[in-house]
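Worksheet: the structure to be examined is printed underneath.
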Amino acid sequence: MNWDDLRIIAAVRDEGTYAGASARLRIDETTVGRRLARIQRDLGVLLFDAVDGQRRPTRHCEAVLEHVGVMAAHVAAIDRIKESQPGPVGRLRIASTNAVAEELLAPHASSFLRDHPGLTLQFLTSSGNVKFSRWQADLAIRLRKPEKGDFTISKLGDVRLYFFEPVDRTGGEPVACVYPDELDTIPEQQFLRAKRLTNVRCITDNVRIIRTMIQSHQAVGVLPEHSCEGLFADRSLRATLLPRRRDVWLLVQNHLRRDPATRVTIDWVRARFQETSRA
């Protein structure tokens, strides 16, 4: 159960109509109806009866609203705690790939949290794109631009890409590390395909696996700059800068765009990528 959903139940009860709840909560009327339908489906009970153009709460709804009243009191108490904290207060869930979280954000996270004692960050990571929905993440860093969605999207920056290969090839043709077919449109994969590599026997979207293979001096592959630590100084490897960079996109839940905690966190994330772009 999400607090925003519970607020919709209370608003429909208080206003008597979806339109009234929509005006009160400043969200679209169809959104009110859609989310209320989902809540009823998840609970398995009917919350409102339609009577003379009004929405009348059922006994199940009244039972839910008893709990909502208690929760509202707790929310008010939490808001009072916020007032005692210096700076913005909040808990932000950031979805990203493992490499972005570990190599770009984590090294600077401690100082950021120290400077903002009211903030808590939760990192949601995977080798691919973490699923981004209002119920699972607040911000998401994507390496591919989504075609559409109920969120705000902006370009976060771009990342330099490097092709690594062993200098000494006397041991034979190195193993080529490539990306899965569903990533054919990314610059890394297009570069690798253009090279017409013959010994393609490692397929992965996990850059840590690619980096480990490259470090063995028996494989070739493409890595984003933030995953290249230690490789440039390795004289047994040759690094070639790709002509194209990888665009990085920031997704933000629409209801958080003006939230102070979210704005501070967005500025911090942007700064991390801007530093990488300038390096």
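Restrict the check to the stretch 141-162 and report whether at least one residue is in contact with an Asp or Glu (Cβ under 9 Å, 6 or more places away or on another chain), buried (at least 18 other Cβ atoms within 10 Å of the Cβ) and over 22 Å from residue 266 (Cα atoms).
Yes; the residues of the stretch 141-162 include at least one that is in contact with an Asp or Glu (Cβ under 9 Å, 6 or more places away or on another chain), buried (at least 18 other Cβ atoms within 10 Å of the Cβ) and over 22 Å from residue 266 (Cα atoms).
Take the residues of the stretch 249-260 that are in contact with an Asp or Glu (Cβ under 9 Å, 6 or more places away or on another chain) and buried (at least 19 other Cβ atoms within 10 Å of the Cβ): which is nearest to residue 104 (Cα to Cα)?
Among those that are in contact with an Asp or Glu (Cβ under 9 Å, 6 or more places away or on another chain) and buried (at least 19 other Cβ atoms within 10 Å of the Cβ), it is 252.
If you check every pair at least six apart or on different chains, which have Cβ atoms under 7 Å apart with a residue in the stretch 192-220 that is closer than 16 Å to residue 171 by Cα first and a residue that is buried (at least 18 other Cβ atoms within 10 Å of the Cβ) and polar (S, T, N, Q) second?
none
Please state which of the following conditions residue 157 fails to meet, knowing it meets all the rest: (1) touching a helix residue (DSSP H, G or I) at 6+ places or on another chain (Cβ under 6 Å); (2) farther than 23 Å from residue 231 by Cβ.
(2)
Sort out which residues of the stretch 190-236 are farther than 16 Å from residue 160 by Cβ, assigned to a helix (DSSP H, G or I) and of a type in the set (Ser, Thr, Tyr), and write them in order of number.
Of everything in the stretch 190-236, just one residue is farther than 16 Å from residue 160 by Cβ, assigned to a helix (DSSP H, G or I) and of a type in the set (Ser, Thr, Tyr), namely 212.
Residues that are within 26 Å of the chain's Cα centre (by Cα): find the strands (runs of 3 or more DSSP E) completely inside the stretch 1-105 holding 1 or more of those. Steps first, please.
On the way: elements: 48-51, 54-57, 90-97.
Hits in the stretch 1-105: 90-97.
Only the coordinates and a few stated rules stand behind these numbers; no lab work does. The structure displayed is predicted, hence computed values, not measured ones. Please note: Cβ atoms are built from the backbone with ideal geometry, for glycine as well, and neighbour counts cover all protein chains shown.
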